[in-house]
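Working notes, structure below.
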Amino acid sequence: MRTVFTVFVKEVLDNIRDRRTLMSALLMGPLFGPILFAFVINLSIERSLSDGEKTLDVPLIGAEHAPNLVQYLVSNNMNIVAAPATSEEAVRAVKLGEHDLVVVIAADFGERLRNSLPAKVELISDRANTSAERDARRVRNALYSYNRELAALRLSARGVSPLTMRPLNIDDVDVSTPSGRSGILLGMMSYFFIFAMLMGGMYLAIDTTAGERERGSLEPLLALPVTRGRLMLGKIFAACLFMVLSLMLSLASFFVALKFMPLEQLGMTPNFGPDVVVKAFLLLLPFVLLGAAVMTLVASFTKSYKEAQTWLSVLMLAPTLPILVVSLLTLRPRTELMFIPSLSQHLLLIDMVKNEPLNLLHVAISVISTLLIGTLLTWLCARLYRREGLLG
Amino acid sequence: MIKVDGIHKTFGKVHAVRGVSFDAPDGKITGLLGPNGAGKSTTLRVLYTVLKPDEGSASIDGKDVVTESLEARRCTGALPHGSGLYPHLTARENIAYYAALCGIPRSLIDEKVAGIIELLDITAFADRRTKGFSQGQRTRVALARSLVHDPQNIILDEPSNGLDVMATRALRELILKLRDDGRCVLFSSHVMQEVAALCDDIVIIANGRVAMEGSAEHIREQSGCDDLEDAFVAAITNVADD
């Protein structure tokens, strides 16, 4: 036990003195997620809020053929501006991105309208361009509602109730709660926590094998009267300590960052108070040992520090895989899914953020299976630390 | 007391050590002499238990290096080739770390470390971080940490590599002092003069085999050469042929 502790203390001291590595591990990981999140959310809120109020410039061809329609668009907060001369030129201009959209009113618009024949209005836009599509949708909706108004007027003029045109009364009832809606947005949050946690221990995990080897300190260390398993344990525990620190920092920074995100304006109130932060920490804690063991294991097969770094960067993406599959298949938390580390933490965390009651059986399975797999991998690391190939 | 009995070691297709046997008794300096790639380092790595021999056996103070490797390591201080230090720790901390790992009681560590620092003349840079140390300073710290637990057997792999004249001299004095304390010192080198000047027994290794062994006198007689260098060349060319 003393050996494990000696190694642990030395590794912690060594890592703390390595300022640059420590900074990147403890600052980059925990801060990267929340900052990115706050940025994206603020940007999207800003856009969605400003778009509705902003006067939209609509390039329009043939305004003289449909003065009433033009008037209708203007009253819907749109501004008619100059457009290319012909419809062919308009198509080209939209393709090239010179215009986001162009409305073309056919020359016979007035005449067909008078004769109660469908009058042609073209809306040229590029649906692949998401930001332009938002504007096009506004114009499209305005055109549809103008269409409906005209239809209703025609029916009234002929003595038919406009309600005949509405055989169905469709009412869309949304049962989602403000906390529930935030689950969609904050789904990736659990990955940020796991990412930050892994970042915190990555350098120590590499150092255990590839780092020591590259420095030439592995052989003298192994020549000491100490069993290799104990050396490995001390190193894994040291990595765990920094991973826990990193996890705490990332939870705290997320907690603070959420206060600066005007999520209520998107109709979301994530349930992420201090009690949830503590629960999330306890829920993610078992993943620390597993993460440290996996990273150490992968690093032990590499030949150099650089190679280990490359492999571990790839490994960082591994916990996203189950999360990705789940969001694609929109799986609900199920008992059998709780056996899968990272996935179980993700599902439970989402439940908490959505303010849904936690299933205690699920929590127990998640904690126990993650701890068991972590212990198994640690044992495997200790075994592999005995092989000669380790010396490189 | 180190005994090596017919060890073999193969790495992939390279048969690095092909049946090396020799004894290194207490109170004597035994030199492992041989050209580059002769199998010296591999033999020593088997002795400080980081490698397992494919065949044959070796023991340190009667402890088998494979079956009782922990006990064998306990009575051995090893300085592997190109030993690295921890750059963020001071020289003193590097040595104290090894002292703690070797199981020296916590209350005695400071005293032990201070003693070895003085013995190896490290005092001037003992409390500086080892990052940026010269080769000579690094070797001295590495040597200090492998000797901090007072091992009876000392295995040094090319310890004088990269040392200047003064440092080499200091090292030589230390090795002689360890011998006079009655310890078993085994070291490897490819520099013949060094081995000739220092060793009581010489084991010439070439091509993974022992080409010749004995005192400098004995080797000269055996090979029929007056000059040790000629004897060395004669011995290794004999083996290299087969």
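The values are calculated or read from the model by the stated rules, or taken from the named source; none is laboratory data. A quick note: this is a predicted structure, and the numbers were derived from the prediction, not measured. FYI the Cβ positions are ideal-geometry reconstructions off the backbone, even for glycines, and counts take in every protein chain you see. SASA here: full protein model, heavy atoms, side chains in, ligands and nucleic acids out. Shrake-Rupley method; radii C 1.70, N 1.55, O 1.52, S 1.80 Å.
Observations
- In the set A:Arg334, A:Arg387, only one residue is within 24 Å of A:Arg228 (Cα to Cα), among the basic types (Lys, Arg) and free of Cβ contacts under 8 Å to residues at least 60 places away in the same chain; that residue is A:Arg387.
- Taken over the stretch A:184-241, residues that are within 8 Å of chain B (Cβ to nearest Cβ) and either among the polar types (S, T, N, Q) or outside any helix (DSSP H, G or I) (or both) amount to 7.
- Count of residues meeting criterion [aliphatic (A, V, I, L, M) and open to solvent by 20 Å² or more (accessible area, probe 1.4 Å)] in the stretch B:229-238: 3
- Test: residue in the stretch A:160-182 that is open to solvent by 30 Å² or more (accessible area, probe 1.4 Å), of a type in the set (Ser, Thr, Tyr), in contact with a Leu (Cβ under 8 Å, 6 or more places away or on another chain) and not in a helix (DSSP H, G or I): yes
- Sole exception among (1) under 30 Å from B:Val141 (Cβ atoms); (2) assigned to a helix (DSSP H, G or I) for A:Val244, by number: (1)
- Filter pass, A:Ala142 being open to solvent by less than 80 Å² (accessible area, probe 1.4 Å), touching a residue at least 40 places away in the same chain (Cβ under 8 Å) and more than 30 Å from A:Arg332 (Cβ to Cβ): yes
- Taking the numbered list (1) within 14 Å of A:Tyr203 (Cβ to Cβ); (2) buried (at least 19 other Cβ atoms within 10 Å of the Cβ) in turn, A:Thr6 passes all entries but (1).
- Inside the stretch B:21-73, residues that are more than 19 Å from A:Ala223 (Cβ to Cβ) and either open to solvent by 20 Å² or more (accessible area, probe 1.4 Å) or of a type outside the set (Phe, Trp, Tyr) (or both) make up a count of 17.
- Those residues of the stretch A:303-355 which are open to solvent by less than 30 Å² (accessible area, probe 1.4 Å) and among the small types (Gly, Ala, Ser), in sequence order: A:Ala308, A:Ser342, A:Ser344
- Considering the stretch A:20-44, and only residues there that are within 14 Å of another protein chain (Cβ to nearest Cβ) and crowded, with 16+ Cβ neighbours inside 10 Å, the residue that is modelled with the lowest pLDDT turns out to be A:Thr21.
- Per-region count, the stretch A:77-89, residues under 37 Å from the mean Cα position of the chain (by Cα) and crowded, with 17+ Cβ neighbours inside 10 Å: 1
- Hits in the stretch B:36-70 - residues which are of a type in the set (S, T, N, Q) and either in a helix (DSSP H, G or I) or under 17 Å from B:Ala206 (Cα atoms) (or both): B:Asn36, B:Ser41, B:Thr42, B:Thr43, B:Ser69
- In the set A:Leu266, A:Leu247, A:Leu258, only one residue is away from every other protein chain (no Cβ under 14 Å), under 20 Å from A:Ala293 (Cβ atoms) and of a type in the set (A, V, I, L, M, F, W, C); that residue is A:Leu247.
- Pairing residues of the stretch A:207-220 that are at positive phi with residues that are part of a loop (DSSP other than H, G, I, E, B) and not acidic (Asp, Glu), at Cβ distances under 6 Å and at least 6 apart in sequence or on separate chains, gives A:Gly216/B:Gly82; A:Gly216/B:Ser83; A:Gly216/B:Gly84.
- Condition check for A:Val278: more than 30 Å from B:Gly84 (Cβ to Cβ) and either β-branched (Val, Ile, Thr) or part of a loop (DSSP other than H, G, I, E, B) (or both): yes
- Verdict on B:Val4 being in a strand (DSSP E or B) and in contact with a Phe, Trp or Tyr (Cβ under 6 Å, 6 or more places away or on another chain): yes
- Odd one out for A:Lys259, checked against (1) out of contact with any Leu (no Cβ under 7 Å at 6 or more places or on another chain); (2) open to solvent by less than 40 Å² (accessible area, probe 1.4 Å): (2)
- Considering the stretch B:190-220, the residues that are touching a Cys at 6+ places or on another chain (Cβ under 9 Å) and within 23 Å of B:Ile7 (Cα to Cα) include one that is most open to solvent (accessible area, probe 1.4 Å), namely B:Ser215.
- When A:Leu289 is tested against the conditions (1) under 17 Å from A:Met197 (Cβ atoms); (2) open to solvent by 20 Å² or more (accessible area, probe 1.4 Å); (3) within 24 Å of the chain's Cα centre (by Cα); (4) not charged (D, E, K, R), the lone failure is (3).
- Breaking point among (1) in the same structural domain as B:Ile7 (by TED's automatic domain parsing); (2) buried (at least 21 other Cβ atoms within 10 Å of the Cβ); (3) of a type in the set (Ser, Thr, Tyr), for B:Ser223: (2)
- Total residues in the stretch A:1-19 satisfying the condition of being more than 8 Å from chain B (Cβ to nearest Cβ) and of a type in the set (Val, Ile, Thr): the figure is 4.
- Scanning the stretch A:50-73 for any residue that is exposed (fewer than 14 other Cβ atoms within 10 Å of the Cβ), out of contact with any Asp or Glu (no Cβ under 8 Å at 6 or more places or on another chain) and among the hydrophobic types (A, V, I, L, M, F, W, C) turns up nothing.
- Inter-residue pairs, beta-carbon under 6 Å, first assigned by TED's automatic domain parsing to the domain that holds A:Asn147 and in the stretch A:109-127, second in a strand (DSSP E or B), 6+ apart: A:Val121/A:Ile105; A:Glu122/A:Val104; A:Leu123/A:Val103; A:Ile124/A:Val102; A:Ser125/A:Leu101
- For the stretch B:50-63, the set of residues classified as at the interface with another protein chain (Cβ under 7 Å from one of its Cβ atoms) and either in contact with a Pro (Cβ under 9 Å, 6 or more places away or on another chain) or under 20 Å from B:Cys184 (Cα atoms) (or both) consists of B:Val50 only.
Conditions (1) over 20 Å from B:Ile2 (Cα atoms); (2) basic (Lys, Arg); (3) without any contact (Cβ under 8 Å) to a residue 60 or more places away in the chain; (4) more than 7 Å from chain A (Cβ to nearest Cβ), marked per residue:
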residue	(1), (2), (3), (4)
B:Lys28	no, yes, no, yes
B:Gly31	no, no, no, yes
B:Val65	no, no, yes, yes
B:Arg92	yes, yes, yes, yes
B:Pro105	yes, no, yes, yes
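- Matching residues, the stretch B:40-49, being out of contact with any Lys or Arg (no Cβ under 9 Å at 6 or more places or on another chain) and within 12 Å of another protein chain (Cβ to nearest Cβ): B:Ser41, B:Leu44, B:Leu47
- Hits in the stretch A:100-126 (condition: open to solvent by 30 Å² or more (accessible area, probe 1.4 Å) and not hydrophobic (A, V, I, L, M, F, W, C)): A:Asp100, A:Asp108, A:Glu111, A:Arg112, A:Arg114, A:Asn115, A:Ser116, A:Pro118, A:Lys120, A:Glu122, A:Ser125, A:Asp126
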